[in-house]
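Visitor: My questions all concern the structure below.
The values are calculated or read from the model by the stated rules, or taken from the named source; none is laboratory data. Quick caveat, the model's predicted, so the values are computed rather than measured. As a convention, Cβ positions derive from the backbone with ideal geometry for all residues, glycine included, and neighbour counts pool all protein chains shown. When the accessible area is computed, the model is the full protein with side chains, heavy atoms only, and any ligands, DNA or RNA have been set aside. Shrake-Rupley method; radii C 1.70, N 1.55, O 1.52, S 1.80 Å.
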Amino acid sequence: MTRGNQRDLAREKNQKKQQEAKKKLGAAGQTGNAGLSMDGRMNRDADIMRIKQEKAAAKKAEDAAAAAANAKKVAKVDPLKM
């Protein structure tokens, strides 16, 4: 056969063509955004970011509390009152 890889090349070309067509659809064409309006996507994304920010703030507060608990206590000494 002289054209043994023609099927493979055609398959690759078609895959690339479908990927380009999917990119042209924009955000509404993505599978995760199916059935959502732009406002719905914005609200969903805002909720996700809000949850991530709350988790990060809680972790930061927890780390600060752990650092404060592990910090050495320094006693202030007034040399005039000795």
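Visitor: Solvent-accessible area per residue for the chain at a 1.4 Å probe radius, Å²?
Guide: Numbers: 8120 Å² over 82 residues.
On a per-residue basis, the chain sits at 99 Å².
Visitor: Let me ask another. Round to a whole number: what % of the accessible area of the chain belongs to carbon and sulfur, probe 1.4 Å?
Guide: Numbers: 4570 of 8120 Å².
Whole-percent figure for carbon plus sulfur exposure: 56.
Visitor: Counting only helical runs of four or more DSSP H residues, what would the 222 nm mean residue ellipticity of the chain come to if each run contributes -39,500 (n - 2.57) and the total is spread over all its residues? Mind dumping the intermediate values first?
Guide: On the way: 2 runs with 53 residues, N = 82.
So the helix-based figure for the chain works out to -23000 deg cm²/dmol.
Visitor: Pulled fully out, how much extra length does the chain show between GLN19 and ARG7, if you take 0.36 nm times their separation in residues and subtract their Cα-Cα distance?
Guide: Working: separation 12, 0.36 × 12 = 4.32 nm, distance 1.84 nm.
In short, 2.5 nm is gained.
Visitor: Could I ask something else about it? Which one of GLN18, ILE51, THR31 has its Cα pushed farthest toward the positive end of the charge dipole of segment 12-82, where Lys and Arg give +1 and Asp and Glu give -1 at the Cβ?
Guide: GLN18
Visitor: In nm, to one decimal, how far is the modelled label at GLU54 from the one at ALA69, with both set 7 Å along Cα→Cβ?
Guide: Each label point is offset 7 Å from its Cα along the Cβ direction, giving 2.3 nm.
Visitor: Next question. Please list the radius of gyration and Dmax for the chain, considering alpha-carbon atoms only, with Å as the unit.
Guide: Radius of gyration, then largest Cα-Cα span, for the chain: 29.5, 102 Å.
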